[in-house]
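Below is one structure, written out as structure tokens, with a few remarks after it.
The values are calculated or read from the model by the stated rules, or taken from the named source; none is laboratory data. Keep in mind it's a predicted model, so treat the numbers as computed, not measured. Quick reminder, even Gly has a Cβ in these numbers, built from the backbone with ideal geometry, and neighbours come from all protein chains shown.
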Amino acid sequence: MTSMTDGYRALRESAAWFDLSMRGRIRATGEDRKRLLHAMTTNHVEGLEPGQGLYAFFLNAQGRVLADAVLLCAADHLLISTEPETRQSVFEHIDHFIIADDVTLEDATESSCEFAIEGPLAAERLASLGATVPEVDYNWCEWKDVIVLRASSTGLPGFRLIAPVDKKSEVQTLLASVAPEASVGDVLAVRLEHGRPRYGDDITERYIAHETGQLHALHFQKGCYLGQEIVERVRSRGLVNRQLTPLSISGIAIPARGDKILDGAKEVGEVTSAAWSPAGNAVRALAYLRLEARKSAGLHTAGGDAVQVLHD
């Protein structure tokens, strides 16, 4: 159990910043970049115009989620921002499918930096610095050689600032002038309070897209793409038996990843992330839960703590 830190309070009540520079950033150039990424992801990349972006999954042929990413469209390239765990695998996955395509990849992770500012007043704090603030999710604009992207890690209003690495100290100083820094623990607690999953923790290659509940990553009218057959089969037949579900857990014991959720003596779910919520005075978690168990009043952890389904 942890106390309410300044960073946690600021995230919930005003705004706080945190460093996301460890995320992978890959630039794709060449005439075929949109066509290739459109055929490799779950969202409508070919429909993007400069200044727009989207959230998408990379799937394998069995429909399993290999990675998630935010793709930003510029006039001469696409920028792919993905989790640190999938930086190399995404690069290699795309590169594997470049055959006769006019596409060149560049790993821009080390030459760039990425920060987030999130919270109810995040837009106001950015605007106070003179930044232009995008109004649509995943849209972006340039400000002093800095990309300002509307995207959230916690489920609260949020923005990413992506800049050349030599501007890292400058960007950090600007953010620190209008908001406190949030720790990794602060961000974890707030994202679980809002039921926001993270690839590598809550979404992995074990799961298919529909099980994650992140349907905004999917475009159901686009043409063929890798893994589409499974996505369409699940959509049309409703074959999902489990889904990522936000939970509140009584007591102060924080379940580990992989701990089981039970309905009586029957195993019905598995925890992916958990943390103490100071504001909720309870443990908040995400778990893959069988659909028939989501309405049960008898859910509990293996240790006997009562489990309540949230946002159902």
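Within segment 196-226, the set of residues being within 17 Å of T245 (Cα to Cα) and in a loop (DSSP other than H, G, I, E, B) comprises R196, P197, R198, G200, D201, D202, T204, R206, Y207, G213, Q214.
Looking only at residues in segment 42-69 that are in contact with a Leu (Cβ under 7 Å, 6 or more places away or on another chain) and assigned to a strand (DSSP E or B), the one that is surrounded by the fewest Cβ atoms within 10 Å (Cβ to Cβ) is L66.
Residue-wise test of (1) free of Cβ contacts under 8 Å to residues at least 12 places away in the same chain; (2) over 21 Å from M4 (Cα atoms); (3) surrounded by fewer than 17 Cβ atoms within 10 Å (Cβ to Cβ).
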{"residue": "Q243", "(1), (2), (3)": "no, yes, no"}
{"residue": "L247", "(1), (2), (3)": "no, no, no"}
{"residue": "G251", "(1), (2), (3)": "no, no, yes"}
{"residue": "K260", "(1), (2), (3)": "no, yes, yes"}
{"residue": "E267", "(1), (2), (3)": "yes, yes, yes"}
{"residue": "S273", "(1), (2), (3)": "no, no, no"}
{"residue": "A279", "(1), (2), (3)": "no, no, yes"}
{"residue": "R284", "(1), (2), (3)": "no, no, no"}
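Quick check on segment 286-312: of everything there that is among the aliphatic types (A, V, I, L, M) and either outside the structural domain of R257 (by TED's automatic domain parsing) or surrounded by 23 or more Cβ atoms within 10 Å (Cβ to Cβ) (or both), which residue is farthest from R196 (Cα to Cα)?
Taking segment 286-312 first, the residues among the aliphatic types (A, V, I, L, M) are 286-287, 289, 291, 293, 297, 299, 302, 306-307, 309-310.
Checking the rest, the ones that are also either outside the structural domain of R257 (by TED's automatic domain parsing) or surrounded by 23 or more Cβ atoms within 10 Å (Cβ to Cβ) (or both) come to 286-287, 289, 299, 307.
On the way: L286: 8, A287: 12, L289: 16, L299: 21, V307: 18 Å.
Only one residue tops the list, namely L299.
Among the candidates S236, S296, S273, S248, the residue that is in a strand (DSSP E or B), more than 20 Å from the chain's Cα centre (by Cα) and not basic (K, R) is uniquely S248. Taking segment 108-149 as the range and being within 22 Å of E181 (Cβ to Cβ), assigned to a loop (DSSP other than H, G, I, E, B), touching a Lys or Arg at 6+ places or on another chain (Cβ under 9 Å) and touching a residue at least 60 places away in the same chain (Cβ under 8 Å) as the test, the residues that pass are T109, G119, P120.
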